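A quick write-up on the structure given underneath.
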Amino acid sequence: MGISYIKSISQHASLGLWHITESWPTLKDMADLPESALHPLDDKRNDKRKQEWLACRVLLKEMLPAAALIAYDTNRKPHIEGDKHQISMSHSGDYVSVYIHDSEPVGVDLQLMKPSISKGSDYFLNALEQQWVNVDNNLLLHLIWCAKEAVFKYAGDADLDLKKHIITNPFASNQNGKIQVSILKENTRNSVMVQFETFNNYVLAWTI
């Protein structure tokens, strides 16, 4: 099916969503990457992982006016080689998402909702959040998880802990809306707004 949408988030940022229906060899042809950039495919353990990796790059190709190669820094944060654009990527189920800003950090997370997330809620909910979060609300838990992952990617700090350092403030668990998220680490506080939406059985969240 390909592009579900590419939409403008602001004058400087765009968000893309791709529905994977193509085989990985088809996506490989669509990505049109040099052989030197395809080596990571050898490490992908199955066809689905290859599809996800390639679909992100095909979507990125559709979102930028010129060919781009993705590299990673020491914190595994992606960037475009030789370009000032900031990017974030996510994949889950049959979809991938790519988020691009002209110059500022961004973060995006996509999740196919599963009924078992409540079993691991203690992994990412801290004591303050546990006071207001209903762990029986599956949508709410996925929204919090996605928001925290999006902010984690935005921050680009591999030492951040989702439970200790990234805290969501109470919000309404609706189909779309905004969440205020705080990054608390080493006596510093940074507030980040996250937009979210749901579609089918998926949750998508991105920093704004």
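Quick note: the coordinates plus some simple rules give every number you see, no bench work behind them. These figures come from a predicted structure and were not determined experimentally. Don't worry about glycine lacking a Cβ; one is built from the backbone with ideal geometry, like all the others, and counts go over all protein chains shown.
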When the label point is put 7 Å from the Cα of Lys185 along its Cα-to-beta-carbon vector, which residues of the stretch 97-127 have a backbone N closer than 20 Å? 104-110, 123-127
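Rounded if a/c is under 1.5, else prolate if a/b beats b/c, else oblate: with a ≥ b ≥ c from the C-alpha gyration tensor eigenvalues square-rooted, which is the stretch 110-207? Display every interim value, and only then the final one.
On the way: a/c = 1.66, a/b = 1.35, b/c = 1.23.
Since a/c reaches 1.5 and a/b is larger than b/c, the shape of the stretch 110-207 is classed as prolate.
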In degrees between 0 and 90, to the nearest 10, how far off the longest principal axis of the chain does helix 47-63 point, with axes built from Cα atoms? 80 degrees
Take the stretch 2-106, drop everything but the C-alpha atoms, weight them equally and run the Debye formula without solvent; then report log10 I(q)/I(0) at 0.11, 0.14, 0.24 Å⁻¹ to two decimals. -0.31, -0.51, -1.51
Residue by residue through the stretch 202-207, what is 3J(HN,Hα) from phi via Karplus (6.51 cos²θ - 1.76 cosθ + 1.60, θ = phi - 60°)? Round to whole Hz and write x for glycine and proline. 10, 10, 10, 9, 8, 6
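Students often get this wrong, so check it: of Lys153/Lys178; Lys44/Lys148; Lys119/Lys153; Lys44/Lys77; Lys61/Lys148, which have C-alpha atoms separated by over 21 Å?
Values: Lys153/Lys178 17 Å; Lys44/Lys148 26 Å; Lys119/Lys153 24 Å; Lys44/Lys77 18 Å; Lys61/Lys148 27 Å.
Flagged as over cut-off: Lys44/Lys148; Lys119/Lys153; Lys61/Lys148.
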List the trypsin sites (Lys or Arg not before Pro) in the stretch 1-96 that DSSP assigns to loop (not H, G, I, E or B) and whose Cβ has at most 10 other Cβ atoms within 10 Å. Which are they? Arg45, Arg76, Lys84
Once every DSSP H run of n ≥ 4 in the chain is given -39500 (n - 2.57) and the sum is divided by its residues, what mean residue ellipticity at 222 nm do you get, rounded to the nearest 500 deg cm²/dmol? -7500 deg cm²/dmol
Shape descriptors of the chain over alpha-carbon atoms, Rg and Dmax in angstrom, are 17.1, 52
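Relative contact order for the stretch 1-77 using alpha-carbon pairs under 8 Å, separation at least 6, rounded to a whole percent? List each step's numbers first, then the result.
Details: 68 pairs, mean separation 21.8, N = 77.
Dividing the mean separation by the residue count of the stretch 1-77 yields 28 percent.
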Sorted by Cβ density within 10 Å, fewest first, the residues Glu81, Glu197, Glu149: Glu81, Glu197, Glu149
How many angstrom separate the Cα center of the stretch 83-129 from the Cα center of the stretch 14-80? 17 Å
Rounded to whole Hz, the Karplus (6.51, -1.76, 1.60) HN-Hα couplings of the stretch 147-163, x for glycine and proline: 4, 5, 5, 4, 5, 4, 5, 4, 5, x, 10, 5, 7, 5, 10, 4, 7
Long-range amide H contacts for Leu69: which residues qualify at under 5 Å (H placed 1.01 Å from N, peptide plane, sequence gap of 5 or more or a different chain)? Glu81
With an 8 Å cut-off on Cα pairs and a minimum separation of 6 or more residues, tell me the relative contact order of the chain in percent. 16 percent
From the backbone phi of the stretch 180-190, what are the Karplus-calculated ³J(HN,Hα) couplings (6.51 cos²θ - 1.76 cosθ + 1.60, θ = phi - 60°) in whole Hz, Gly and Pro given as x? 8, 10, 10, 9, 10, 7, 6, 6, 10, 9, 9
